[in-house]
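Taking it in order: structure first as structure tokens, then the write-up.
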Amino acid sequence: MKSFDALNRLIEGNKRFVSGSQSNNRSMTPTDRSALVKEQNPFAIILGCSDSRVPAELVFDQGLGDLFVIRVAGNIVSPSQIGSVEFAAERFGTPLVVVLGHSFCGAIEAAIEGVGQSGGQGGSPNLNSIVNRIRPCVENLLELNVELSDEELFHQAVRANIRASADHLRHGSQTLERLIAEKKLLVVGAEYSLETGEVEFFDGMP
């Protein structure tokens, strides 16, 4: 499957999800499950947020074996996430990576709060390791747009973080860079709206 075909499959699946006309992909028989025991062929890799309201298989109306999903708070990119994407892209030849952020993201909120704290960061060192990957996006927005409202800052920070993660995947791995250069992999960024259920693809689109 080509990257563009995989992208269209996700777009059409999200349209079904939004309209409430989901397919029966999730109703698999024992025979269907057995076929996936020894092999898989996911057509897209989703690097998404761990938020319980954004399950990729439901949002894109896909079933078992369709998506290789990596979930981490704030859809950040660290070595383990890069390695997971490399694994799927090379092992299965999966042609598409989607960095999927969402509205009202708690990790983004924590990063914004952290930037505003004069006494240093709260939270555990492990939580701070996530927030610290998002902070530069927020700080850059504040430097460039000092008059942003809280709502505008939140929205732009969500998108800036998605772009940063997608860009990190495109340029933070020799393996992924090679696959992209060979036209075997496409990395795009998208935002899921909790309010509408719609996914808007806005970064790296062909």
| said: Anything in region 50-86 that is farther than 23 Å from residue 12 by Cα, over 13 Å from the mean Cα position of the chain (by Cα) and not hydroxyl-bearing (Ser, Thr, Tyr)? List them, or say none. | reply: 79, 83, 86
| Do we have any residue at all in region 61-71 that's part of a strand (DSSP E or B), surrounded by fewer than 21 Cβ atoms within 10 Å (Cβ to Cβ), of a type in the set (Val, Ile, Thr) and in contact (Cβ under 8 Å) with a residue 12 or more places away in the chain? | yes
| note | Subset of region 140-157, residues part of a helix (DSSP H, G or I), among the aliphatic types (A, V, I, L, M) and exposed (fewer than 12 other Cβ atoms within 10 Å of the Cβ), comes to 144
| request: Taking only region 86-96 into account, find how many residues are farther than 18 Å from residue 203 by Cα and touching a Ser or Thr at 6+ places or on another chain (Cβ under 8 Å). | output: 4
| query | Just wondering, is there one or more residues in region 172-186 that are at pLDDT 95 or above, under 24 Å from residue 57 (Cα atoms) and in a loop (DSSP other than H, G, I, E, B)? | reply | yes
| said: Within region 159-176, does at least one residue satisfy the condition of being of a type outside the set (Lys, Arg), touching a Phe, Trp or Tyr at 6+ places or on another chain (Cβ under 9 Å) and surrounded by 16 or more Cβ atoms within 10 Å (Cβ to Cβ)? | reply: yes
| task | Give the residue, chosen from 113, 147, that is among the acidic types (Asp, Glu) and more than 15 Å from residue 73 (Cβ to Cβ). | result | 147
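The values are calculated or read from the model by the stated rules, or taken from the named source; none is laboratory data. Fair warning: this is a prediction, and the values are worked out from it, not measured in the lab. Cβ coordinates were reconstructed from backbone atoms using ideal geometry, including for glycine residues, and neighbour counts include every protein chain displayed.
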